[in-house]
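Quick notes on the structure that follows.
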Amino acid sequence: MGAITQAKQEIKQSQQQDNSFAGLIKRCAPQLQAVMPKGMTPERLTQLAIATYKQTPKLAECSVQSILACCMKCAELGVEPNDIMGNAYVLPYYNNKTKRMEAQFQLGKNGMLELVRRSKQVKTIRTQCVYEGDDFDYWEDETGVHFSFKPNLEADHDNKNLKLVYMSCHLKDGGFVFLQMSKNEVDEIRERSKTSKFGPWVTDYAAMAEKTVIRRAFNRGLLPRSVEDANTVAADDSTPIVLDEEGNRIFEDPLSPEPTDVPANVDAETGEIIEEVSE
């Protein structure tokens, strides 16, 4: 076959290449498989990524590179995005710095618990939301930290009635970790999140409150952790930048190489669709 003929065929094949998100994520399967732990398959992750993309229409306006980077982060951690277990989320938001829509990776409560359990130093770990009407007490004396909790099943366990959230953890070496946060402290953390007005902070507030107390204990060094896990927690609630060994971006954005203006019917702070603007 002549060089010119071969070149024409290659150009034709590239033009016929599936550049939809489904096509792109499937072509990235080898890269995903290279970093994911045993027990997880790139087929499963790509299926969930495609489902997430379809179920979250605003992701179609995001940088494809940012979505793929979030999928790579899920692969590295061995967590499934936007699954019913609440392990991790891929969320759209408008980045004021880049002036474009981007996908953001966010660990869920169960994803954070998974990081703790991977240390294999934890015997049990538990989180609990305490509401108005529940019986809760916490004290510390010369023998250590103590607490008691008895829920009031007749009380209104609505988000507005949350008093505090706590985490208790028994370590295999006999140690005990306890930490509590008031609702005001949780809401202060929420307000600093770029996804405070949409996503799991709205749909799963209690789970996010419980995740927040785990994260605080994690960041304070109260829970066993590795350097990798510490970096993961530090990068939570952000758009990951995935680099190769030479420091180059693994994923480039073939569909949106230039920044795009935010549409008129999109909230610039949250990325949410707002009412149509009348002409």
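The values are calculated or read from the model by the stated rules, or taken from the named source; none is laboratory data. Keep in mind that what you see is a predicted model, and the values were worked out from it rather than measured. So basically every Cβ, Gly included, is an ideal-geometry build from the backbone, and we count neighbours across all protein chains shown. Surface accessibility is based on the protein's heavy atoms, side chains included, excluding ligands, DNA and RNA. Shrake-Rupley method; radii C 1.70, N 1.55, O 1.52, S 1.80 Å.
Please compute the per residue accessible area over segment 113-220 with all protein chains in place, 1.4 Å probe, rounded to a whole number of Å². Show your work: numbers first, answer last.
On the way: 6040 Å² over 108 residues.
About 56 Å² of surface per residue is accessible.
What are the trypsin sites (Lys or Arg not before Pro) within segment 160-194 that DSSP puts in a loop, where the Cβ has at most 11 other Cβ atoms within 10 Å? Provide the component values of the computation, followed by the final result.
On the way: sites: LYS160, LYS163, LYS172, LYS183, ARG190, ARG192, LYS194; in loops: LYS172, ARG192, LYS194.
Filter output for segment 160-194: ARG192.
Once you have the Cα-Cα distance between ARG192 and SER119, take 0.36 nm times their residue separation minus that, and quote the gain in nm to one decimal.
23.4 nm
Do any GluC sites (Glu not before Pro) in segment 129-220 lie in a loop, going by DSSP, with at most 16 other beta-carbon atoms within 10 Å of their beta carbon, and if so which?
Values: sites: GLU132, GLU140, GLU142, GLU154, GLU185, GLU188, GLU191, GLU210; in loops: GLU132, GLU142, GLU154.
Qualifying residues, ordered by number: GLU132, GLU142, GLU154.
Please work out the Cα center distance from segment 56-81 to segment 95-116, rounded to the nearest Å.
Taking the Cα centre of each part, segment 56-81 and segment 95-116 sit 9 Å apart.
Taking all protein chains in place and a 1.4 Å probe, what share, in percent, of the accessible surface of segment 61-220 do carbon and sulfur account for? Display every interim value, and only then the final one.
On the way: 3370 of 7510 Å².
Percent of accessible area from carbon and sulfur atoms in segment 61-220: 45.
Per 0.36 nm of contour for each residue apart, how much would the distance between LYS172 and LYS97 grow if the chain were fully extended, relative to their Cα-Cα spacing? Mind showing how you got there, number by number?
On the way: separation 75, 0.36 × 75 = 27.00 nm, distance 4.52 nm.
That pair, LYS172 and LYS97, stretches by 22.5 nm at full extension.
Taking only the alpha-carbon positions of segment 97-177 and ignoring solvent, what does the Debye formula give for the base-10 log of I(q)/I(0) at q = 0.11 Å⁻¹?
The Cα Debye sum returns log10 ratios of -0.48.
Using label points projected 7 Å from each Cα along Cα→Cβ, tell me how many nm separate ASP204 and SER20, to one decimal.
2.7
Could you pull out every one of the lysines with an alpha carbon less than 25 Å from that of LYS73, ignoring same-chain neighbours closer than 8 positions?
LYS26, LYS38, LYS54, LYS58, LYS97, LYS99, LYS109, LYS120, LYS194, LYS197, LYS211
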